[in-house]
Amino acid sequence: MTKKTLMCCTLFWLTSMSVFAQMTFTLGGITYGDVAERDSKGFTTITLPAGTNPKGLITAVQIDGQTVSASEVTPNPTTTTINYDELKVFTYNNKAYGFRFVEDVWFCGVFFSDCHINQGSGHDGTSQEDMATIMNNILNMGKDGKKKVNFTTAGATHFVPKTSIVFCLGDIDQDKGDDGSSGKHNNFLSCTADLAKEAGIPFIFIAGNHDLSPDYWTGDNPDKGATSSGSGADDKTISAITDNNTHWNNAGVFDENISYFIDNNHSSDFQSKPFTFKFKDVRFYCAQTYWFQKLYKKPGWFTNATYYAPDGVISALNTFVESHADEASVWMQHYPWLAGSDCNRWWLDQNDKGLYITTSDESLYGSHTSGIAYNDANSANTLKKDPLSAIMMKAAGKVDGKVQHFSGHYHRFYDATYTNTVASENKVHDYTVAANGNTEQTNNAFVVLFKRGEGVKEVIQTQF
């Protein structure tokens with residue numbers, strides 16, 4: 001009998017003879033039902049908490065809930081050596097039962113962006129109904145035992161991806177709210193955040209340029225920057241984000257709760273409050289539109305807003321990263337690093353004619369310079385990209401020497417590496433996710449494989 005024939009016979013025996021009975025175990029200190037999952041072929045995967053020593057873990061054996069003598073099982077489950085990622089077959093009364101013991105080191109995150117809920121086809125908008133369907137599909141990924149995507153990373157090829165955490169990378173609904181002016185985001189929240197809360201799966205979203213006041217919109221639009229109504233809408237956007245974050249902090253799902261990067265010298269002024277948290281031994285750094293979002297003093301009835309450079313926020317970020325440099329990191333913001341023909345002016349908050357607002361104070365990052373012309377954006381954007389990439393490189397979790405970063409805004413899938421123009425060893429691999437309503441690229445999310453303590457291991461684009 002050939003090895004292939006023997007394997008086929010074993011699989012047939014395993015799947016056919018264990019149909020009418022089920023073997024379970026008593027595990028020392030662990031509830032079997034919490035860690036064991038049986039698939040449609042009769043195999044059972046037992047996923048043990050990271051760091052668990054499988055030696056001596058099995059203390060008793062049951063068949064259909066009735067305890068049997070472990071010595072009558074071959075091999076004896078209480079004395080045999082259990083190795084992670086090894087298929088183990090036990091037999092009892094001429095019936096075979098297959099088990100795989102795995103360590104809980106893998107988890108999945110799903111990234112989507114640019115929902116533009118109810119904003120229409122001009123913005124690749126998504127209806128509430130369609131977004132709810134997408135979100136439910138994300139939250140239920142893998143619960144049927146089927147693989148949504150197939151990972152090729154060593155040690156994770158058997159892994160059935162289930163969603164551990166979800167991210168939305170900005171431009172969540174119509175401009176500044178449900179009706180384009182109110183600043184409320186109930187339509188978006190009802191078909192994303194509320195569903196995640198019901199499922200108990202953490203959901204994190206950030207703001208994009210449609211959610212916070214851009215310097216200018218298109219052309220010579222005189223409605224530039226933050227107006228009185230725009231400032232109020234900005235407050236509501238950040239409030240929606242921080243309220244959602246508070247929910248998940250209170251739910252106790254993170255290793256370390258969400259905290260914010262702010263400039264303490266501008267505590268009374270508007271700040272976008274980028275943030276960080278630790279989840280399953282991986283550090284996540286979350287900007288809003290981008291890390292260099294300007295602070296501003298709110299406008300009055302007869303005065304415009306006064307804008308300030310983000311240097312204090314960037315300084316706080318740098319200090320934090322230096323003190324957490326040993327933690328594997330993952331980064332995100334709404335703006336891509338390289339995707340899109342106008343990418344560089346986005347980093348300057350220029351509109352399509354090169355208009356933007358200068359800051360009232362000087363900045364290390366060019367925010368106060370009024371002479372950056374539209375055609376100079378390709379060089380001037382490095383005033384922001386180079387120092388940020390240098391900060392990011394201080395943290396662990398790089399893949400092939402590259403920081404792992406996720407973005408949106410471009411509405412299409414794109415991934416590329418930014419190389420620091422001053423220090424070429426500083427590299428950022430940016431994955432830009434397509435908009436949900438993009439009809440050219442219907443694959444509208446990234447499924448990302450993470451490893452505890454190591455960060456990103458594999459990124460696959462797919463459709464929900």
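The values are calculated or read from the model by the stated rules, or taken from the named source; none is laboratory data. Quick caveat: nothing in here was measured; it's all calculated off a predicted structure. Cβ atoms come from the backbone with ideal geometry, glycine included; neighbour counts cover every protein chain shown. With ligands, DNA and RNA removed, areas are computed over all heavy atoms of the protein, side chains included. Shrake-Rupley method; radii C 1.70, N 1.55, O 1.52, S 1.80 Å.
Taking a Cβ cut-off of under 14 Å around I241, the surrounding Lys, Arg, Asp and Glu residues balance to a net charge of -2, with basic ones at +1 and acidic ones at -1. Simple point charges give the picture: +1 on the Cβ of Lys and Arg, -1 on the Cβ of Asp and Glu, and for the chain a dipole about the Cα centre of about 1620 debye. Taking the square roots of five times each eigenvalue of the Cα gyration tensor of segment 149-245, the equivalent ellipsoid has semi-axes of 34, 16, 10 Å, listed largest first. Each label point was placed 7 Å from the Cα along the Cα-to-Cβ direction; for E362 and D130 their separation is 5.0 nm. Against the criterion of solvent-accessible heavy-atom surface with a 1.4 angstrom probe, W346, W331 sort, most first, into W346, W331. Normalising by the residue count of the chain, find the relative contact order in percent from Cα pairs under 8 Å and 6+ residues apart. Across the chain, relative contact order equals 14 percent.
Estimated from the Cβ-Cβ distance and a Förster radius of 56 angstrom, the FRET efficiency linking V399 and F302 is about 0.60.
In the context of the full set of protein chains, the chain has a per residue accessible area of 42 Å² (1.4 Å probe).
In the chain, the longest principal axis of the Cα atoms and the axis of helix 228-251 are about 20 degrees apart.
Remark: relative contact order (segment 397-464) = 28 percent; criterion is Cα-Cα distance under 8 angstrom and separation of 6 or more residues. Considering only F151, T67, A390, and ranking their Cα positions along the charge dipole of the chain that arises from unit charges at the beta-carbon of Lys, Arg, Asp and Glu, the one farthest toward the positive end is T67. When the listed pairs K184/K385; K55/K95; K162/K236; K162/K427; K184/K298; K147/K394 are checked against a 28 Å cut-off, the alpha-carbon distance exceeds it for K184/K385; K162/K236; K162/K427; K147/K394.
From its DSSP helices (H runs of at least four residues, each -39,500 (n - 2.57)), the chain gives a residue-normalised ellipticity at 222 nm of -6000 deg cm²/dmol. Size check on segment 218-346: the Cα extents along the three principal axes, sorted descending, read 48, 36, 24 Å. Its residues counted as N, segment 110-157 yields a C-alpha radius of gyration over 2.2 N^0.38 Å of 1.52. The order of the peptides 163-170, 104-111, 52-59, 240-247 by mean Cβ neighbours within 10 Å, most packed first, is 163-170, 104-111, 240-247, 52-59. Using the Kirkwood radius over C-alpha pairs as Rh, can you work out the diffusion coefficient of segment 39-198 via Stokes-Einstein at 4 °C, viscosity 1.567 mPa s, in µm² per second? Rounded, D is 67 µm²/s. From largest to smallest, the equivalent ellipsoid semi-axes obtained for segment 353-433 from the alpha-carbon gyration tensor read 25, 17, 11 Å. Between the Cα long axis of helix 382-392 and the first principal axis of the chain there is an angle of about 30°, rounded to the nearest 10. In the chain, the inverse of the mean reciprocal separation of distinct Cα atoms equals 24.2 Å; this is its Kirkwood hydrodynamic radius.
Here, segment 74-134 has an Rg and a Dmax of 23.8, 66 Å when only alpha carbons are counted.
Measuring nothing but protein heavy atoms, the accessible surface of the chain at 1.4 Å probe radius is 47 percent carbon and sulfur.
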